[in-house]
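Taking it in order: structure first as structure tokens, then the write-up.
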Amino acid sequence: MERRDFIKTTGLIGGAYALTGPSALATPATSILAPTETFWLDGPMRWAQLAFVERDPGHYDPDFWLHYFKRIHADGALLSAGGIVAFYPTKIPLHHRSDFMGNSDTLGYLVEGCKKQGMKIMLRTDPHAVRQDVYDAHPDWIAVTVDGQKRRHWANPDLWVTCALGPYNFDFMTQVNQEIMEKFQPEGIFSNRWHGHDICYCEHCKTNFKTASGLELPKAADKLDPTYRKWADWRMKRLREVWSVWDAGIRKQKPTARFIPNGFPDKVMTGKEADLFFADQQARRGLTPPWANGKGAKELRSTLGLKPLIGIFSVGIEEEFRWKDSVQNDAEIRIWVAEGTANGMRPCFVKFGGDIYDKRWMEAVAKLYEGYHKNEKYLRNTASLARVGIVYSEQTDRNYGGKPWQQKSGDHLDGMYHNLVENRIPFDMVNDRLLTPEDLKRFKLLILPNIAALSDTQCKQLQTFVDNGGSIVSTFETSLYDEEGKQRSDFGLASLFGVSYDQKVEGPLRNSYLQLRQDAKNSQTQLILKGLDDTPRIINTIYKVNVKPTATFPSPITLIPTYPDLPMEDVYPRVAETDTRELYLRQVGKGRVAYIPGDLDRSFWQLMGTDHGQLLSNVVNWALDEEPVAAVTGPGVIDVNVWRQANSMTVHLVNLTNPMMMKGPFRELIPVEAQVSIMVPAGAKVTGVKLLMSDQKPKFELKGGKVTVTVPKILDHEIVALDLA
């Protein structure tokens, strides 16, 4: 790839942001940050959340927390204010004031102390539950189950669950917000559990949904039921109305303040409406991989752009049974936070309860924050330099499923995501509703991991991307359904794939294989089968779509059909080989298109087969067809992310090498060494290279427009920084 093209497509010239309106942070500009009164949005880099419990007033030491905030250089505070419990002297009837507060103002003291330390303040509300007095005064505010019963709180039977779509949120909580803003003048209000729990059958929901749709409420949550879909759309609109009412009221009190919802069911709307966002991705649980925090950041950044994205992380264990006074070990905290930071999030620890039982987490968080404070200028990113984008689809999640081969459809994305991490390819995520040429211009390759539901317009946008020189890797049923989940007679991208749907999906495929057809004279085949040279076949996928080619294709991989796996005497192929291709490769103008009819990405995630991983990696590298922005070699599993700042370029290396990577918390951090080669922006002069987290200035080689440096030890997170003139 020409170096001048690299600069053009990756946006390496950087840029600042002009804050001129409610959503101004979304748009890059060349002017400086202005006006100053809204600068706070992009100001805080290290947040601290203290979620009070009702007993905290009189039991916890606020000065202890103020000292800790100062020590760790926290410049933003997220503090509990009201909703279930008011931690200040509220004057609103039925707004329950903490029984332990007496004549004090617990919140006010901490807010004043934080402001004296120069911290920006976000205040937290939680409107999802109320006490008996609210029930008695306004039973219509309470959520109702499908059998007509008022809903008791699942964790605390003394409480009642509120309806999120009725007057409790629209009227009562609007008053609470107004009182909080008038009294404390925070930068905004963050609301937890504001969007409800399951379908509510209260009188307000029944009436309002019937008025909007002419239908009765659905009896169960079934995403393929037309009535449930209408309810889901109606619910989203109602939540957006709540957001609008609360935000307008907050801005009326303080124009620069914002309402920040804790989660919203539509990431595109979140990206459009939110000027900054708190991502509540607290910790791992079950089989959650350690890169999941980075994945959540990538998904949100795909719609938020470079608006401030704050990642809330828990210092406690987040398993199913919620031991909220628990403490994670240092290694687990550090790796989770590293993944968020490397993917563009600003950290925000959350501690539940101001009275601490176990302080072991505090030193780990302090060391992280101190390191990030010292290197703050290298964390103020102006552009991601990833050239690969994985498409994710909220409309596919909503409208696809029901058939046996469509179960666990999220595994397609997870398999592709994990494969790119393993292969150290810097990448971002792309929302499938943001596929315009402007949205995609910085990418060379888009990966579509079974993006089954695509509109005609989206298919045309992907065709335009390839016409403009982009490449695509696609799997399984991608584009076989329209945006509403209705099956087409053929792929929407059939002309791009060069195949047509042959009216059948096969599987699960027991004891089926992929025949590898080596050809020493064919460079394309050699690249596709790299690392698989010593075997004539590998295991097949679990499901496959039958297709018919409509163009001429090479045949590096073909089908060996299923044959018996028992009794042992009968385990031999009935058909030795076929001409049925299981990989379709095309050169389309300056772009490349790879279509994989099998669920190779999902099979890789479910089986973690090394051969599947190698094949996926080979196909991606073939389609990308350019030198990576950053190449990392050495042992271990390392997640690589590349960013540009105003006067620097950084390569984040997150070391995921650990026997507990896929289950259970890390017990320890296992250091690895890496060699890193980084493409230098054309016209830029490298004035220095630093290893930020270990505070070293390593030797480096500058040759052929690349900086090569050895990183002797990556414990959890290292950042290679190039200072640029």
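Condition check: surrounded by 20 or more Cβ atoms within 10 Å (Cβ to Cβ), closer than 24 Å to Lys219 by Cα and aliphatic (A, V, I, L, M). Does Val134 satisfy that?
Values: surrounded by 20 or more Cβ atoms within 10 Å (Cβ to Cβ): yes; closer than 24 Å to Lys219 by Cα: no; aliphatic (A, V, I, L, M): yes.
Considered against the rule, which asks whether it is surrounded by 20 or more Cβ atoms within 10 Å (Cβ to Cβ), closer than 24 Å to Lys219 by Cα and aliphatic (A, V, I, L, M), Val134 comes out as no.
Scan Asp428, Asp397, Asp414 and give me the residue that is among the charged types (D, E, K, R) and closer than 18 Å to Ile596 by Cα. Every option except Asp414 fails the conditions.
Kindly indicate which of Ile538, Ile542 is in the same structural domain as Asp611 (by TED's automatic domain parsing) and assigned to a loop (DSSP other than H, G, I, E, B). The unique qualifying residue is Ile542.
Only one of the numbered conditions (1) outside the structural domain of Asp611 (by TED's automatic domain parsing); (2) at pLDDT 95 or above is violated by Gln328, and that is (2). Within the stretch 680-710, the set of residues being within 20 Å of Lys374 (Cα to Cα) and among the hydrophobic types (A, V, I, L, M, F, W, C) comprises Val689, Leu691, Leu692, Met693.
Among the candidates Val620, Val651, Val632, Val637, which residue alone is in contact with a Leu (Cβ under 6 Å, 6 or more places away or on another chain), within 30 Å of Thr341 (Cα to Cα) and in contact (Cβ under 8 Å) with a residue 40 or more places away in the chain?
Result of the check over Val620, Val651, Val632, Val637: Val637.
The strands (runs of 3 or more DSSP E) found entirely in the stretch 447-523 that carry 3 or more residues being charged (D, E, K, R) and either farther than 17 Å from Arg586 by Cα or free of Cβ contacts under 8 Å to residues at least 40 places away in the same chain (or both) are 499-506.
Highlighted here are the strands (runs of 3 or more DSSP E) found entirely within the stretch 624-693 that include at least 2 residues which are out of contact with any Ser or Thr (no Cβ under 9 Å at 6 or more places or on another chain) and at pLDDT 95 or above: 638-644, 648-655, 686-691.
Residues that are in contact (Cβ under 8 Å) with a residue 60 or more places away in the chain, in a loop (DSSP other than H, G, I, E, B) and under 20 Å from Leu368 (Cα atoms) within the stretch 288-316 comprise Pro290, Trp291, Pro308, listed in sequence order. The conditions of being within 21 Å of the chain's Cα centre (by Cα) and over 20 Å from Met181 (Cα atoms) are met by Arg284.
If only residues of the stretch 243-287 that are of a type in the set (S, T, N, Q) and not in a loop (DSSP other than H, G, I, E, B) are counted, the one that is farthest from Leu123 (Cα to Cα) is Thr270. For the stretch 543-564, a residue qualifies if it is modelled with pLDDT of 95 or more, farther than 25 Å from Ser489 by Cβ and not polar (S, T, N, Q), and the qualifying residues are Pro556, Ile557, Ile560, Pro561, Tyr563, Pro564. Report yes if Ala342 is touching a strand residue (DSSP E or B) at 6+ places or on another chain (Cβ under 7 Å), modelled with pLDDT of 95 or more, under 28 Å from Val421 (Cβ atoms) and of a type in the set (A, V, I, L, M, F, W, C), otherwise no. Spelling it out, Ala342 is indeed touching a strand residue (DSSP E or B) at 6+ places or on another chain (Cβ under 7 Å), modelled with pLDDT of 95 or more, under 28 Å from Val421 (Cβ atoms) and of a type in the set (A, V, I, L, M, F, W, C). None of Ser455, Ser489, Ser512, Ser500 is in the same structural domain as Glu582 (by TED's automatic domain parsing) and crowded, with 19+ Cβ neighbours inside 10 Å except Ser512. Trp194 meets the stated requirement of being surrounded by 23 or more Cβ atoms within 10 Å (Cβ to Cβ) and within 29 Å of the chain's Cα centre (by Cα).
For the stretch 582-596, which positions are part of a strand (DSSP E or B) and touching a residue at least 24 places away in the same chain (Cβ under 8 Å)? Tyr584, Leu585, Arg586, Val588, Gly591, Arg592, Val593, Ala594, Tyr595, Ile596, listed by residue number. Taken together, Asn647, Asn641 contain a single residue that is polar (S, T, N, Q) and in contact with an Asp or Glu (Cβ under 8 Å, 6 or more places away or on another chain), which is Asn647. Name the residue that is nearest to Thr256 (Cα to Cα), counting only residues in the stretch 156-186 that are in contact (Cβ under 8 Å) with a residue 24 or more places away in the chain, part of a loop (DSSP other than H, G, I, E, B) and not polar (S, T, N, Q). The selected residue is Pro186.
Regarding Lys408, is this residue in the same structural domain as Leu454 (by TED's automatic domain parsing) and either surrounded by fewer than 20 Cβ atoms within 10 Å (Cβ to Cβ) or in contact with a Cys (Cβ under 6 Å, 6 or more places away or on another chain) (or both)? Taking the combined requirement at face value, the residue satisfies it.
If I filter the stretch 424-432 for residues that are part of a helix (DSSP H, G or I) and surrounded by 20 or more Cβ atoms within 10 Å (Cβ to Cβ), do I get at least one hit? Scanning the stretch 424-432 turns up no residue that is part of a helix (DSSP H, G or I) and surrounded by 20 or more Cβ atoms within 10 Å (Cβ to Cβ). Checking Ala331, Ala386 one by one, the residue that is crowded, with 16+ Cβ neighbours inside 10 Å, part of a helix (DSSP H, G or I) and small (Gly, Ala, Ser) is Ala331 and no other.
Checked against the criterion of being out of contact with any Asp or Glu (no Cβ under 8 Å at 6 or more places or on another chain), of a type outside the set (Phe, Trp, Tyr) and at pLDDT 95 or above, the candidates Pro89, Pro62 yield just one match: Pro62. The single residue among Asp579, Asp599 that is in contact with a strand residue (DSSP E or B) (Cβ under 8 Å, 6 or more places away or on another chain) and in contact (Cβ under 8 Å) with a residue 40 or more places away in the chain turns out to be Asp599. What about Lys530, is it surrounded by 14 or more Cβ atoms within 10 Å (Cβ to Cβ), modelled with pLDDT of 95 or more and in the same structural domain as Ser617 (by TED's automatic domain parsing)? The answer is yes for Lys530.
For the stretch 235-269, which residues satisfy the criterion of being touching a Ser or Thr at 6+ places or on another chain (Cβ under 6 Å) and without any contact (Cβ under 8 Å) to a residue 40 or more places away in the chain? Those that are touching a Ser or Thr at 6+ places or on another chain (Cβ under 6 Å) and without any contact (Cβ under 8 Å) to a residue 40 or more places away in the chain: none in the stretch 235-269. The single residue among Gly613, Gly664 that is more than 30 Å from Leu306 (Cβ to Cβ), free of Cβ contacts under 8 Å to residues at least 40 places away in the same chain and of a type in the set (Gly, Ala, Ser) turns out to be Gly664. Do we find a residue being of a type in the set (A, V, I, L, M, F, W, C), modelled with pLDDT of 95 or more and touching a Phe, Trp or Tyr at 6+ places or on another chain (Cβ under 6 Å) anywhere in the stretch 111-120? Yes, the stretch 111-120 contains a residue that is of a type in the set (A, V, I, L, M, F, W, C), modelled with pLDDT of 95 or more and touching a Phe, Trp or Tyr at 6+ places or on another chain (Cβ under 6 Å).
The values are calculated or read from the model by the stated rules, or taken from the named source; none is laboratory data. All of these numbers come straight from a predicted model, not from anything done at the bench. Positions of Cβ are generated from backbone atoms using ideal geometry, with glycine treated the same way; all protein chains shown enter the neighbour counts.
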